[in-house]
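Colleague: One structure, as structure tokens, below. Some questions next.
The values are calculated or read from the model by the stated rules, or taken from the named source; none is laboratory data. Predicted, not measured: the structure shown is a model, and the values here were computed from it. Cβ coordinates were reconstructed from backbone atoms using ideal geometry, including for glycine residues, and neighbour counts include every protein chain displayed.
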Amino acid sequence: MGKIQSNLKFLCLMGTLFFFVTYIGCSDDDDENSKENLLIGVWTITNADIDASIGGMSIVDYLVNVAGYSQIEAELMETLFQNMLLPNFTGTIDFKENHTYVTTFGGEIDDGFWSLNAAGDKLTLDAGTIYEMVIDVNSLTASNFVGSTSFVESVDIDDDGNPDVDVAISVQLTLTK
């Protein structure tokens, strides 16, 4: 009888251990995948904040202090620049379960593949290609996604074949599902 009780205790202990390992393992997987699951679906861009600088200065300051425009002309040119860029940040992005995406930004359709790092704070589009883009995930819920990215481009403004100035652009997008 003692051997049977010992075996029953062992089986109960093993069953309990198996339950906890399985339960903890599943919940960890759910935690790791929950941000990915939140991301999957069709998102619509509801807001785009664009900040740009030229040579480390605001667009207006650069145009006034370096290019010689008046304050009014520079402000008008900055507004035109913003209005030129904003249509490119309208549309949708559909993140699919198979880690591909389809966008309709600025009226153009594009596709590629996406990945989310383990921490869920970096979304990478088209990793390893010339089109790679890393987006900081500022917040992500079932219906709201805020992400930001920035890049610097060296520009040849006098067409002599040599880059003259760096243009830095930062974008924060708000999307809803």
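Colleague: What single numbered condition from (1) of a type outside the set (A, V, I, L, M); (2) assigned to a strand (DSSP E or B); (3) under 24 Å from S58 (Cα atoms) fails to hold for T124?
Modeller: The failed condition is (3).
Colleague: Hey, any hits in the stretch 51-67 for a residue that's β-branched (V, I, T), assigned to a strand (DSSP E or B), surrounded by 13 or more Cβ atoms within 10 Å (Cβ to Cβ) and modelled with pLDDT of 85 or more?
Modeller: Scanning the stretch 51-67 turns up at least one residue that is β-branched (V, I, T), assigned to a strand (DSSP E or B), surrounded by 13 or more Cβ atoms within 10 Å (Cβ to Cβ) and modelled with pLDDT of 85 or more.
Colleague: Let me ask something else. Could you please let me know if T79 is touching an Asp or Glu at 6+ places or on another chain (Cβ under 9 Å) and without any contact (Cβ under 8 Å) to a residue 24 or more places away in the chain?
Modeller: no
Colleague: How many of the residues making up the stretch 89-108 are under 24 Å from S143 (Cβ atoms) and out of contact with any strand residue (DSSP E or B) (no Cβ under 7 Å at 6 or more places or on another chain)?
Modeller: 5
Colleague: While we're on this one: Given (1) touching a helix residue (DSSP H, G or I) at 6+ places or on another chain (Cβ under 6 Å); (2) surrounded by fewer than 14 Cβ atoms within 10 Å (Cβ to Cβ); (3) at positive phi, identify the lone condition not met by G161.
Modeller: (1)
Colleague: Also, I was wondering about something else. Of everything in the stretch 121-154 that's in contact (Cβ under 8 Å) with a residue 60 or more places away in the chain and touching a strand residue (DSSP E or B) at 6+ places or on another chain (Cβ under 6 Å), which residue is surrounded by the fewest Cβ atoms within 10 Å (Cβ to Cβ)?
Modeller: The selected residue is V137.
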